[in-house]
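Derivation of every value follows stated rules applied to the coordinates shown; laboratory data play no part. Keep in mind the model is a prediction, meaning the values are calculated, not measured. Heads up, the Cβs are rebuilt from the backbone with ideal geometry, glycines too, and the neighbour counts pull from every protein chain shown.
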Amino acid sequence: MAIRILALLLLSLAASAQFRAAAVKVDITPTTPQWLLGYGARQSTGVHDPLFHRIVALDDGSTQFFLVSTDIALFSPAFYDEFCAELKQQTGIDRLNIWWTVTHTHSAPELGPAGLARAFLAGRYDHEPDWDYARSVKQKLIAGIQEARTKLAPARLSVGVTTSNANINRRARDENGRIALGLNPDGPVDHQVGLIRIDRPDGSPIALLANYAMHGTVLSGKNQLISGDAPGIVANYVEQKLGAPMLFLNSATGDIAPLYSVYDDFKKVRISEFNVLLGDRILKASRDLPAASTPVKLKAGERVLETPLKPGLQWPEELAAYLTPQSQVRLPVRFLRINADTALWAAPLELFCEIAMDVRAKSPVKNTFYVGYANGWLGYLPTVQAFPEGGYETTVTPFTPQAGAALAAAALQGLDK
């Protein structure tokens with residue numbers, strides 16, 4: 001009798017530790033004209049394609065983790081903190097177990113207060129934010145997370161990589177060595193696509209995560225139609241073929257543009273070409289991923305890097321928690337380990353691709369993926385070489401030239417845990 005009870009107890013423990021997952025897709029397309037974020041201030045005149053929260057819930061039996069990709073350009077870390085406080089109150093989920101990332105489309109509405117962007121582009125934010133839309137987006141995200149929690153079911157997980165040439169370096173250089181936003185086919189670029197596929201035990205898909213570096217700037221500032229730009233359009237394309245949500249997790253895009261960039265409107269750009277350049281690559285690689293891992297073990301963590309603030313920058317009051325009295329920027333770096341062979345690390349940055357590629361090359365973890373625009377936005381972080389070269393990105397950074405090396409060191413320390 002005692003042996004039977006022990007066997008039943010062991011079976012119960014094994015079942016409770018079984019990896020479970022769920023995915024939810026929530027429409028956040030506004031129904032009223034909105035100020036679009038990215039480029040100069042402009043209001044939307046209609047909708048080209050809808051915007052979504054895409055939410056994945058993971059549960060290894062002891063840790064629940066939620067990963068969100070939203071068709072928005074960016075938001076302030078203070079807005080993320082406010083969201084996390086509400087989420088904690090309503091669900092008990094701790095902030096370390098929720099990553100809220102964005103695709104960085106430049107054809108989506110502003111979301112909440114301007115944050116650090118006001119320090120660089122003060123005249124861009126003379127209007128009030130649409131607080132009703134911001135509240136709606138937060139409420140829909142919390143509801144989506146709660147729904148995903150209720151749908152958790154047995155799952156398995158596969159990891160792999162492929163490549164796509166849908167992106168290009170954007171730091172164009174003229175004959176005098178001056179750097180400007182453009183296209184630079186000779187510049188560094190990260191073509192890797194990191195993939196995590198989550199399936200049910202029968203092999204049917206629950207969700208696909210695709211990690212790729214590409215600005216959401218196929219459309220220019222003249223476009224006034226709401227759109228997920230190439231990241232959102234590719235995600236929709238893959239979902240139609242896959243039959244499950246695809247989270248586009250933008251990577252280190254600080255110096256990376258889409259191969260076709262800043263077209264005035266949808267009539268002048270064949271944006272569906274990205275479905276072939278990137279979407280078909282993702283679909284093929286997803287089908288070819290190695291055998292699924294089971295069981296799955298999750299471990300979430302954070303390191304806060306303190307690095308000097310660029311002299312002369314007026315720090316926004318709403319971000320007081322992200323600056324020390326000694327004028328050190330408090331830069332939160334997040335980590336998610338998935339078993340021994342996979343790690344995601346994330347920061348609220350537009351990071352230059354060379355830094356992320358260097359971390360990946362030195363990482364002790366086989367599959368190391370960087371997720372940018374995570375949990376807010378604290379500006380660009382260029383390489384040390386980029387600062388004397390100049391260019392747009394070096395003017396909209398709160399950091400000093402030494403920050404890139406400091407971030408890489410902090411990331412490698414966190415990945416080594």
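List of remarks:
- Restricting region 265-353 to trypsin sites (Lys or Arg not before Pro) in coil, as DSSP defines it, with at most 14 other Cβ within 10 Å: Lys267, Lys268, Arg270
- MRE, 222 nm, helices only [DSSP H, n ≥ 4, -39500 (n - 2.57), over the chain, to nearest 500]: -7500 deg cm²/dmol
- Percent of beta bridges antiparallel (DSSP, the chain, rounded to nearest 5): 75
- Each residue, Gln328 and Arg173, gets one label point 7 Å from its Cα in the Cβ direction; the gap between the two is 3.5 nm.
- Here the spin labels are modelled as points 7 Å beyond Cα on the Cα-Cβ line, and at Leu152 and Asp416 they lie 3.3 nm apart.
- By average C-beta atoms within 10 angstrom, highest first, the peptides 411-417, 272-278, 150-156: 272-278, 411-417, 150-156
- Lys/Arg +1, Asp/Glu -1 at C-beta; the chain dipole; positive extreme among Pro231, Asn97, Ala405: Asn97
- Axis angle, to the nearest 10 degrees, between helix 353-362 and the longest C-alpha principal axis of the chain: 40 degrees.
- Span from the region 116-136 Cα centroid across to the region 284-301 one, whole angstrom: 39
- In plain terms, the residue of Phe335, Phe52, Phe352 with the fewest other Cβ atoms within 10 Å comes first and the most crowded comes last, giving Phe335, Phe52, Phe352.
- Cross-link pairs exceeding 19 Å between alpha carbons, from the set Lys297/Lys417; Lys25/Lys241; Lys140/Lys222; Lys299/Lys366: Lys140/Lys222.
- Length gained on full extension, Asp341 to Asp288: 17.3 nm, using 0.36 nm per residue less the C-alpha separation.
- For region 355-406 versus region 143-218, the gap between their alpha-carbon centres in whole angstrom: 17
- Region 36-50 versus region 224-263: alpha-carbon centroid distance in Å: 16
- Each Lys and Arg Cβ is given +1 and each Asp and Glu Cβ -1; about its Cα centre, region 298-415 then shows a dipole of about 480 debye.
- Separation of the Asn165 and Ser204 label points, Cα + 7 Å toward Cβ, nm: 3.8
- Between 0 and 90 degrees, the angle of helix 77-91 with respect to the longest Cα principal axis of the chain falls at about 20 degrees.
- Principal-axis analysis of the Cα atoms of the chain puts helix 2-16 at an angle of about 20° to the longest axis.
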